[in-house]
Amino acid sequence: MQVVGYDAGAPTDGSDGHGDADDGGDAGGNADPLAGGLYVASGGDVEYVDASPGTELAFGLGERRCAGTVHEGSHVACDAPDAPYCEAHGSVWVCARCTGTCLKDEMDCHESHALYLAAFAPDVFKVGVTREWRLETRLREQGADRAAHVRTFPDGRVAREVEAELAAGDALVDRVRVPTKLAGLHRRVDAAEWGALRERFDPIETFAFGYGLDLTDRPVAETMAAGTVRGWKGRVLVLDRGGSTYAVDARDLVGYEIVDEVPDRELQSSLGAFG
């Protein structure tokens, strides 16, 4: 079986994720743990492996290659050694590179778009654009701790122009890499900085997200699929194993063959293991 995808899922308690984002504190007190899982393929069939909080995963990782593609529910395998995807199966959404000048043959983003701010603990602030109806989903996909919907535009072109202008300044970025997110998994958003940023924009709506991770120390970054699932934050899967807590970028699992035998290799321990 090969890992061909992942899903960080949705709130397990029905919470809509909206909250008072003015305090900038830890949302863990009213956290809404996210379900999640991995998509694995064998012989063309695709199966969903549940990885919601509390689930025990016990997979070893074998060889890694291109994850191929899933078409109409069936997996089309690829033997190329490039992972997670080879050149033929890798793709970049062209709209993600847009700065106001459409890169498609014909502009097709004629629907309401939201310009948002997203905070990642402790003090990384992003500006982004998404279709308005996808706003909360997009924020959760990224693992944002706090967020604010600050403007609404009739189409994506104008929204991308404003996004590019704001990202060109010093206060905001237009992308946050997973290692940066991992560094703040156990931290709180700087309330003063987040509050000052929001005040510049007079938000339409604010959000406070909790992920139920209850972390006191920074997890160790690892690539593995064995342990007790603590939860998900965006595409980051947090696992407890052997007295330590590990953070796994789920994209780093895509392309691996999974095996039943979990290797008994030495793992770096987190500080919490010595407490």
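The values are calculated or read from the model by the stated rules, or taken from the named source; none is laboratory data. Not measured: the values here are computed from a predicted model. Positions of Cβ are backbone-derived with ideal geometry, glycine not excepted, and every protein chain shown enters the neighbour counts.
Observations on the structure shown:
- Residue in segment 183-203 that is touching a Ser or Thr at 6+ places or on another chain (Cβ under 9 Å) and β-branched (Val, Ile, Thr) present: no
- Put simply, of 171, 164, 148 the only residue that is more than 27 Å from residue 232 (Cα to Cα), touching a Leu at 6+ places or on another chain (Cβ under 8 Å) and touching a residue at least 12 places away in the same chain (Cβ under 8 Å) is 171.
- Looking only at segment 226-266, residues that are among the acidic types (Asp, Glu), touching a residue at least 40 places away in the same chain (Cβ under 8 Å) and part of a strand (DSSP E or B) come to 2 in all.
- The criterion of at least 3 residues that are under 19 Å from the mean Cα position of the chain (by Cα), under 18 Å from residue 122 (Cα atoms) and not acidic (Asp, Glu) is met by the following helices (runs of 4 or more DSSP H) wholly inside segment 151-225: 178-183.
- Considering residues of segment 245-275 that are in contact with a Ser or Thr (Cβ under 9 Å, 6 or more places away or on another chain) and at pLDDT 95 or above only, the residue nearest to residue 177 (Cα to Cα): 249
Residues checked against (1) within 30 Å of residue 149 (Cβ to Cβ); (2) at pLDDT below 95; (3) exposed (fewer than 14 other Cβ atoms within 10 Å of the Cβ):
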position	(1), (2), (3)
64	no, no, no
98	yes, yes, no
110	yes, yes, yes
121	yes, no, no
124	yes, no, no
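- Residue match in segment 67-78 (condition: assigned to a loop (DSSP other than H, G, I, E, B), at pLDDT below 95 and surrounded by fewer than 13 Cβ atoms within 10 Å (Cβ to Cβ)): yes
- Each residue in segment 37-62 was checked for being more than 12 Å from residue 229 (Cβ to Cβ), exposed (fewer than 13 other Cβ atoms within 10 Å of the Cβ) and under 21 Å from the mean Cα position of the chain (by Cα), and 1 of them qualify.
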